[in-house]
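The next block holds one structure in the form of structure tokens; read it before the comments.
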Amino acid sequence: MTSDDRSQKLRHIISALMDVPTDEITEDSSPDTLASWSSVAHLNLVVALEEAFNISFSPEETMELSTVRLIEMMLDEKIVAA
Amino acid sequence: MIQIPPTPLGRAERSKLAAGISREQQPEWRWFRLAVLGSGTTEFLNSYLIVEAARFEIGLEIWNGPYGQIEQQCIDPTSELFRHQPDAVLILPELEDFSPSLAWRYLTLSPEEMELAVGEIDKTFGRVIEAVHLGSGVPILLGNFPMPSWKAAGAAEASLAISLEGILHSLNERLRRRCRSVSNVSLFDIYCTGCEIGWNKWRDRRMAAIARAPHSSEALTGIARLLARQLRSWVVPPKKCLVLDMDNTLWGGVVGEVGLEGISLGPDYPGNAFLDFQRRVIALRDCGILLAAASKNNPDDVETVFSSHPSCLLTRDDFSAFEVHWEDKATSLRRIAETLNIGIDSLVFFDDNPVERQWMREQLPAVTVIEVPGSPLLYVEALENSLAFDTFSLTEEDRNRAVLYRQESARSQVLEGASSLEDFIRSLEMVVTLSLLDDAQMPRIVQLVGKTNQFNLTTRRHSEAELVKLLEAGGFGVVAKARDRFGDSGLVGVAIAVPETDGVWEVDTFLMSCRVIGRGVETALLATLERMVRARGASELFGVYAPTAKNHPAADFYSRHGYENSGTGGRWHICLDETRPLPDSFTVSGPHPDL
């Protein structure tokens with residue numbers, strides 16, 4: 001899976017969890033820009049990413065995943081490193 | 001129609017599915033406003049609850065209480081819980097929240113202190129239940145306590161005088177008793193669900209630490225399934241009769257070909273798999289499910305298995321209807337329904353032969369046909385997974401049902417020999433006891449209201465909470481019990497009247513078990529209801545007949561009893577000038593009309 005594929009998949013997951021169309025999700029999307037990105041939705045996102053990419057996040061990491069860009073970087077790092 | 005894929009379902013998929021379910025999109029579903037109160041955060045449960053309930057076409061609108069406020073939300077009559085006006089309250093307590101010393105310092109407690117602490121928690125729930133019932137009267141699903149995240153004493157734990165397992169056992173047993181003793185509270189068996197899933201997989205330490213959400217995805221799925229099943233049992237009436245094939249269903253092999261000695265039934269494989277299935281079937285019968293046979297066979301061959309096979313556990317007497325011959329099975333099932341006086345849609349068909357199953361689906365689509373797996377080792381599971389006989393409570397009547405039906409067949413034999421219906425009724429020496437509906441009878445009443453189809457005038461499927469409301473709003477109920485020389489039929493009928501305006505009442509509910517229809521018990525019940533309504537100041541009474549696909553046996557009930565059709569909404573009217581005489585072909589012992 002390429003970085004672009006991962007990015008697509010991430011957007012689909014966010015779209016499913018936050019109930020927004022994928023084309024409204026940008027690199028800068030975050031809890032501040034999407035009203036539905038609540039703290040509960042955020043943790044659901046963490047679990048969904050773990051399920052989808054077969055990775056796991058530490059409690060500290062879950063708090064750092066605060067924008068789509070940061071999540072993409074974290075995914076690249078975790079999956080390439082693995 | 002929304003399609004819910006089977007589990008396992010990812011968190012994102014669940015959320016997306018849950019977001020697509022709404023009262024507007026699924027108006028034909030049964031909808032519940034569910035309040036969830038937990039020691040921990042419960043929001044993560046929501047998509048799981050919604051999706052699992054959707055499998056049964058049950059919709060949920062969920063309100064999550066703030067964590068750690070179970071008692072507070074329930075005790076305060078002005079709390080958010082009550083403002084939200086839920087239809088049901090789910091309570092999920094954790095031991096760490098209710099008694100840190102029981103959860104973490106139990107090694108320091110004496111047996112007396114342990115008992116005291118357990119008693120305190122039990123009393124707290126007593127207050128919680130009372131407050132919720134006072135505040136809203138809604139049903140409570142009271143979760144028992146799951147295993148805390150660690151045990152104190154390692155290898156020595158099992159031999160401690162006070163072990164964590166022992167504490168939970170004693171606490172959960174108290175809650176179980178409490179739930180049994182109060183109406184409208186069901187034990188929500190988290191402990192059992194946790195054991196099935198495994199306590200190692202139950203908790204998510206990370207989510208517990210960062211969001212006070214103690215449950216893993218597996219635990220969330222387990223809790224959601226348990227809830228969905230509970231709600232399903234509230235809205236889907238259980239099936240009444242299991243219709244069984246014989247060859248390769250109750251034993252291996254075809255008895256007509258291989259003979260009594262040749263069939264597989266006994267202590268070794270594959271005979272023990274069939275034996276195990278027979279045990280499960282007998283336990284279903286103990287729950288009040290009627291058994292019937294539908295087999296293409298020589299009746300003598302089958303009877304010989306039941307009477308002479310050394311390992312066969314089922315007996316001929318266990319079957320309330322027996323259709324063993326070479327006619328087609330749809331005809332057999334029609335006859336079974338007729339013999340037992342139940343609807344075709346109360347039958348569940350279990351047959352290893354896919355051709356017979358297909359035939360049944362085509363001929364009698366109302367019958368529940370279980371998809372029987374190839375291996376007899378999987379029969380029990382197939383029966384369980386169908387949920388066909390799932391019910392929220394088992395009453396005394398249920399457990400005696402097979403006996404009741406045997407009495408009934410003795411009665412029909414008398415009827416066949418009687419010169420007139422009147423003579424037959426007199427010869428039964430029936431005693432009908434009428435009394436005011438009381439709390440102890442509530443479970444049976446809720447059950448009758450939920451599942452009586454044929455002699456049911458209004459078919460208003462009230463929940464327990466709704467019944468309580470009717471009674472609190474000034475209505476009352478009369479129940480009829482019947483016994484005769486063949487035995488006790490138990491509680492067989494109920495009528496509920498509610499005031500409409502000054503002097504005018506309505507019969508909200510009037511129903512009888514089909515076992516006693518046509519013997520005049522319905523007239524005795526109506527006469528008593530009218531007397532009691534009059535004693536409450538009524539001069540007019542409206543009866544309602546709301547036709548359904550099944551209640552035509554009750555269609556002429558009001559006209560037969562002198563009511564006049566008022567022309568609208570199936571309402572029938574009578575002026576209560578005269579006292580209706582009680583039937584004289586049996587003894588009636590009734591309440592004082594002023595009751």
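With a threshold of 25 Å on the Cα-Cα distance, the over-threshold entries among A:9/B:16; B:240/B:481; B:451/B:481; B:296/B:451 are B:296/B:451. Distant-in-sequence amide contacts of residue B:38, defined by a placed amide H-H separation under 5 Å and a gap of 5 or more residues or a different chain, comprise B:65, B:68, B:69, B:92.
Between the C-alpha center of segment B:240-263 and that of segment B:380-446 there is a gap of 30 Å. Phi angles across segment B:492-498 convert, under the Karplus curve 6.51 cos²θ - 1.76 cosθ + 1.60 with θ = phi - 60°, into 3J(HN,Hα) values of 10, x, 8, 10, 10, 10, 10 Hz, Gly and Pro given as x.
At 222 nm, what value in deg cm²/dmol follows for the protein assembly as shown if DSSP H runs of at least 4 each add -39500 (n - 2.57) and the sum is divided by all its residues, to the nearest 500?
Working: 29 runs with 299 residues, N = 677.
Result for the protein assembly as shown, helices only: -13000 deg cm²/dmol.
Membrane-span-like helices in chain B (whole DSSP H runs, Cα extent of at least 20 Å along the helix axis, mean Kyte-Doolittle hydropathy of at least -0.5): B:111-135, B:217-235, B:271-286, B:521-535.
Give the calculated FRET efficiency between residue B:576 and residue B:366 to the nearest 0.05, with a Förster radius of 51 Å applied to their Cβ-Cβ distance. Efficiency computed from Cβ-Cβ geometry: 0.80.
When segment B:241-385 is described by a simple charge dipole with +1 on each Lys and Arg Cβ and -1 on each Asp and Glu Cβ, the residue from B:320, B:272, B:377 located farthest towards its positive end is B:320. Fewest-first ordering of B:147, B:512, B:360 by other beta carbons within 10 Å of each residue's beta carbon gives B:147, B:360, B:512.
Find the relative contact order for segment B:330-447 and round it to a whole percent, using C-alpha pairs within less than 8 Å whose residues are 6+ positions apart.
16 percent
Just report the Cα centroid separation between segment B:140-213 and segment B:335-376, whole Å. Between the Cα centres of segment B:140-213 and segment B:335-376 lies a distance of 40 Å.
A straight chain from residue B:201 to residue B:469 at 0.36 nm per residue would run longer than the Cα-Cα distance by 92.3 nm. Restriction of the GluC sites (Glu not before Pro) in chain A to DSSP coil positions whose beta-carbon has at most 14 other beta-carbons within 10 angstrom yields A:27.
With contacts defined as alpha carbon pairs under 8 Å and 6 or more residues apart, what's the relative contact order of chain A in percent?
33 percent
Under the criterion of Cα pairs below 8 Å and six or more residues apart, the relative contact order for segment B:11-235 equals 23 percent. If you filter segment B:293-337 for chymotrypsin sites (Phe, Trp or Tyr not before Pro), then keep DSSP loop positions with at most 10 other Cβ within 10 Å, what is left? In loop regions of segment B:293-337 (DSSP not H, G, I, E or B), the sparsely surrounded chymotrypsin sites (Phe, Trp or Tyr not before Pro) are B:326. Restriction of the GluC sites (Glu not before Pro) in segment B:369-457 to DSSP coil positions whose beta-carbon has at most 16 other beta-carbons within 10 angstrom yields B:371, B:429. Can you tell me the FRET efficiency between residue A:23 and residue A:2 if r is taken as the Cβ-Cβ distance and R0 is 22 Å, rounded to the nearest 0.05? The pair residue A:23/residue A:2 has a calculated efficiency of 0.65. Once backbone amide H atoms are built at 1.01 Å from N, residue B:544 has B:507, B:572 as its partners under 5 Å, excluding neighbours fewer than 5 places away on the same chain.
Give the calculated FRET efficiency between residue B:546 and residue B:282 to the nearest 0.05, with a Förster radius of 45 Å applied to their Cβ-Cβ distance. Step by step, r from the Cβ atoms, then E = 0.70. Amide H contacts of residue B:500 (H built 1.01 Å from N, in plane; Pro and chain starts excluded): B:505, B:506 sit under 5 Å, all sequence-distant by 5 or more or on other chains.
Near residue B:98, once Lys and Arg are set to +1 and Asp and Glu to -1 for all other residues with Cβ below 13 Å from its Cβ, the sum equals -3.
Each reported figure results from applying straightforward, stated rules to the coordinates on display, with no laboratory input. The structure presented is a predicted model; accordingly, all values stated were derived computationally and were not measured. Heads up, the Cβs are rebuilt from the backbone with ideal geometry, glycines too, and the neighbour counts pull from every protein chain shown.
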